[in-house]
Amino acid sequence: MDPSPTVPSDAPLLDALKPLLPLFSQYLSFLSGAATTSIRAAQWALSKASYPLFSPLPVFIYAFAPLVIFTQVTLDIVVFTPARTVVSLLEFVYPLYVLVGVACITGLLVGGVGRLLTLRILVWSVDLPLKRRIAG
């Protein structure tokens, strides 16, 4: 004996549509993707078609092109080329600059220490005999 009796379905139409549910889900997914793609394509086409109408930028670029090119050439001749020349010369002279700087710093240190030692030696050589004369 079967413990669970089967109950006949009251909706034969529902039983007939159950195998079609996965197909209906796929159809809705395809329809949604097609609608999204169509809307995006229409937006893209509309934006590309209306860009020249709403943007005066290409007209200004075309009108001011001679001035822009003249300015670029002038700046290249007057500013950028001399700046590149100065930078390349400074890169060439930089090792000599470092050598002279290190030599100056070393000279200051050696001269300062030499001065201090000389002053100390002079103080000792003058002060000690003077104290001996006074004491003696």
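The values are calculated or read from the model by the stated rules, or taken from the named source; none is laboratory data. Every value quoted in this text rests on a predicted model; they were computed, and no experiment measured them. Here Cβ is always computed from backbone atoms with ideal geometry, including for glycine, and neighbour counts include all displayed protein chains.
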### Query
Considering 122, 67, which residue is in a helix (DSSP H, G or I) and exposed (fewer than 10 other Cβ atoms within 10 Å of the Cβ)?
67
### Query
If you check residue 112 against the conditions, is it modelled with pLDDT of 95 or more, over 32 Å from the mean Cα position of the chain (by Cα) and either in a helix (DSSP H, G or I) or surrounded by 10 or more Cβ atoms within 10 Å (Cβ to Cβ) (or both)?
yes
#### Entry: Flag for residue 53 being without any contact (Cβ under 8 Å) to a residue 12 or more places away in the chain and surrounded by fewer than 10 Cβ atoms within 10 Å (Cβ to Cβ)
yes
